[in-house]
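Take a look at the structure below.
The values are calculated or read from the model by the stated rules, or taken from the named source; none is laboratory data. For clarity, every value in this text was computed on a predicted model and none was experimentally measured. Cβ atoms come from the backbone with ideal geometry, glycine included; neighbour counts cover every protein chain shown. Accessible surface is based on the protein model in full, side chains and every heavy atom, while ligands, DNA and RNA are left aside. Shrake-Rupley method; radii C 1.70, N 1.55, O 1.52, S 1.80 Å.
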Amino acid sequence: MSRIPLKPRNIVDVVVHAALALIGIVGLATSFHDLGWLLAGVGGLLVGTGVALAARALRLGALLTVGLALVGYLLFGSALAVPGQAIAHVVPTLTSVASLGVGAVWGWADLLTLRAPVELPDYVTVVPYLSAWVVGLVGTTLATRWLPRRRTAARASLLLIGPGLLYLASILLGTEEPYYPGVRGVGFAALALVWLGWRQSTVESVRIERSQGMLRRRLTGTAIVVLAAVAVGTLSGAALAPPPQDRFVLRDRIVPPFQPLEFASPLAGFRQYSKLEVDKTLFTVAGLKPDELLRLSTMDSYDGHLWTVAGSKIAADGSGSFALVGGSYPKPPLLTADGDQTISLKIGAYGDVWIPTVGYPRSLALAKQTRDQLAGLRYNATTGSAVLLSGLQKGDTVVETGELQKTDYDDATLRDVPTARLQLGPADDIPDIVAAKATEFAGSTSSPIEQLRNIEQTLHTQGFLSHGTASDSVASLAGHGADRMEALFSGSVMVGDAEQYASAMALMARSLGYPARVVMGFAPTVTATESASGTPVKVTGHDVTAWVEVPFQGVGWIPFLPTPTQTDVPQDQVPKPQTQPQPQVRQPPRTQNNENDLVTNVQIDNTDKKSKDAFVLPAWAIGVGLGLGIPALLILVPLLVVSAMRRRRAARRRAAPRRRDAVAGAWDELLDRVGELGITTPSVSTTRRRAAESVGPHLASRDDAVTVAILARRTDDAVFSGRELDDAEVDAVWAEVIATVDATRATLPRWKRALARYRLAAATGWARRVAALASAPPGTRSRGSKRGRT
């Protein structure tokens, strides 16, 4: 334990260290949504620094210092890092303590993977709290206990490691837009240089600097160095700073891209809803306006078989990308906002990964929001599509607030507006008949909006609607591959449902050079009264639909609904059965579904019922276990290790092959045990009698001091006399040693007895052996000699 008095220069070291750490902490400003991170970071720095100063004042050892630091971490962490989970924002609760443990383990991953600025989960602010707490604790301990022993520039520079790591972490955990990097970098360097230049290692150097000439020269030299550092840092930083898109931040390297192709195409499952689940309540929705559409998925890539969501390998600027989100959502491009709207969904029979949304979400919350759900929530701001990788389950509740795209433009307003210049996923293998019909339906006009409206109106008025059910007047095949598109236009009439008409119009628009995409969703029937009162409306498979969106420059994505409403095909225009064999329709491989199932994304749950009903440990229990278990392990494991090493040391000494070595080992054990109790023992070169005189006054009683003196003489006699010893004499010496140690321990305060359990003096026996051999007279040295002669 350090007994060097704390000097003003040590206080300056602590203050400078805290200031440098604070410069590093503020770099996390761009990673968080509000200022809660700043309270957590500054609070953690104060807690760590305060614990280190308190431990020095109480002269606590390393293990007790760590224990006190853990107590401070848990005691103040609730108010500083997760005040929303504490009683009155101050008093810790089981939830707040669990968050401190969970955040210390998982907060780093959430901060890196969730979209910045991060707002949720609450425990993410534990990251700056924990980081600052560790840096404050370690740095202050070194500044007040280790550095005062011998002050050199090299030793002082080690104190910069902690703040430097905080500064580096603020860069790696930050975003592409740094927080005042030039000001922070120059300030950090200037403060560190001034501190290193003015801290001296000896008292003589301080006396020399009292002369006015030396003081003036040092002041001038330091000022020149600092000004040069500021100038060079500012100019080089401005000249060499990379653009934001080239900055290296971990979140851009760690977040794995979402691969939509791992899931079945949503449009391929259209008939799943329109035929097999036509009367099932998929979910209920409240807050939806009349004639408003719910978006399920947006697809902009076509391969001749399916419309799919472009994956990371083929996604272009118009496809966007799916990213993890925290509490904030990115601003969608090309959006002309038309107000916000909030809806709530109660999931029923629906069980897909795609989340129904309205407009472009600004916030999206699940009723039972867990870390696993957050980790699987991805959002594409360009398409307005949201995905929950774990899938929505019956009983889930989703509350979403979305920005609506302004769509009430008349065609005259958009007549001279070109489509937006952006690139979508590729559309390959467009049948020739589709491109020919696109030119025919578009007409002679050259305006993009008029051409697209002509195609929309032609499909809507000349086509017929059929879902392929028994009640339809004419059969209609499922699918939207190239062969199905050819069949749609090659017959005497066009027959299909929204799957075929949306796919056909998107391909026709692509053949004319317009960026078009297909959107699948729901169009529930909502009355004005239900909308105003917020009455939940059932959404069934009958409400499934699909439409086309095309972006216009400065306007945004405009929807087109080409699906007809006519269901009765004229008798004289009913397509006649084909007598000649037709080529096989190119569709995706079918799964092992029922014959009536015309889709590919049906998932059969073969999970054993027992596994579903198996007990799953709640997340709060895991958090509490981590929050309490980790500190318990840090306290108990060192205790068990020290105790085992102490027993092994005593057993090895007592089982020495020669009896005189066993007696000498008993003396070494006595000195080690009283040293572990906090009693100062002499150096290893001191004789046993002088060691007994030094230790005796600190023992429990005068009788124990006499016993130690007698033990010293008996040990010297056993080691140097050359006489033979018996086992009874060895056992008697060891018994007296143990009794003396136990009596001394009983007189100590409880906290000193607890501290003694963590001390270990395992290496001193070898040092005493070497010293004893060196000081013994010729002819009396042996392997068992200890502590020198008397």
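Pick from LEU377, LEU364, LEU345: which is open to solvent by less than 20 Å² (accessible area, probe 1.4 Å), in contact with a Phe, Trp or Tyr (Cβ under 8 Å, 6 or more places away or on another chain) and modelled with pLDDT under 85?
Numbers: LEU377 fails: in contact with a Phe, Trp or Tyr (Cβ under 8 Å, 6 or more places away or on another chain); LEU345 fails: modelled with pLDDT under 85.
Among LEU377, LEU364, LEU345, only LEU364 is open to solvent by less than 20 Å² (accessible area, probe 1.4 Å), in contact with a Phe, Trp or Tyr (Cβ under 8 Å, 6 or more places away or on another chain) and modelled with pLDDT under 85.
Among the residues of the stretch 35-51, not a single one is open to solvent by 20 Å² or more (accessible area, probe 1.4 Å), within 19 Å of ALA190 (Cβ to Cβ) and touching a helix residue (DSSP H, G or I) at 6+ places or on another chain (Cβ under 9 Å).
Checked against the criterion of being in contact with a strand residue (DSSP E or B) (Cβ under 9 Å, 6 or more places away or on another chain) and open to solvent by 10 Å² or more (accessible area, probe 1.4 Å), the candidates ALA523, ALA506, ALA502 yield just one match: ALA523. The sole residue among ILE604, ILE635, ILE630, ILE679 that is part of a loop (DSSP other than H, G, I, E, B) and either closer than 24 Å to ARG759 by Cβ or modelled with pLDDT of 80 or more (or both) is ILE679.
Answer yes or no: is there a residue in the stretch 144-152 that is more than 18 Å from ILE23 (Cβ to Cβ), among the hydroxyl-bearing types (Ser, Thr, Tyr) and either modelled with pLDDT of 75 or more or open to solvent by less than 20 Å² (accessible area, probe 1.4 Å) (or both). Quick ask: steps written out before the conclusion?
Step one: of the stretch 144-152, the residues more than 18 Å from ILE23 (Cβ to Cβ) are 144-152.
From the residues that got through so far, the ones that are among the hydroxyl-bearing types (Ser, Thr, Tyr) too are 144, 152.
Still in the running and either modelled with pLDDT of 75 or more or open to solvent by less than 20 Å² (accessible area, probe 1.4 Å) (or both): 144.
Within the stretch 144-152, one or more residues are more than 18 Å from ILE23 (Cβ to Cβ), among the hydroxyl-bearing types (Ser, Thr, Tyr) and either modelled with pLDDT of 75 or more or open to solvent by less than 20 Å² (accessible area, probe 1.4 Å) (or both).
Of all residues in the stretch 639-663, those being at pLDDT 75 or above and either part of a loop (DSSP other than H, G, I, E, B) or under 24 Å from VAL105 (Cβ atoms) (or both) number 6.
Can you tell me which residue within the stretch 18-31, out of those that are open to solvent by 10 Å² or more (accessible area, probe 1.4 Å) and out of contact with any Lys or Arg (no Cβ under 8 Å at 6 or more places or on another chain), is modelled with the lowest pLDDT?
Going through the stretch 18-31, the residues open to solvent by 10 Å² or more (accessible area, probe 1.4 Å) turn out to be 18-19, 22-23, 26, 28-30.
Pick out the ones that are also out of contact with any Lys or Arg (no Cβ under 8 Å at 6 or more places or on another chain) and you get 18-19, 22, 28-30.
Values: ALA18: 83, ALA19: 85, LEU22: 84, LEU28: 71, ALA29: 71, THR30: 64.
Across the stretch 18-31, the extreme among qualifying residues is THR30.
With respect to VAL278, is the statement that it is at pLDDT below 90, surrounded by 18 or more Cβ atoms within 10 Å (Cβ to Cβ) and not in a strand (DSSP E or B) true?
Judged against the criteria, VAL278 is not a match.
Residues THR458, THR469: which one is modelled with pLDDT of 90 or more and in contact with a helix residue (DSSP H, G or I) (Cβ under 7 Å, 6 or more places away or on another chain)? None of the other options fit; the residue is THR458. Summed over the stretch 66-96, the residues that are in contact (Cβ under 8 Å) with a residue 40 or more places away in the chain, open to solvent by less than 20 Å² (accessible area, probe 1.4 Å) and within 22 Å of the chain's Cα centre (by Cα) give a count of 4.
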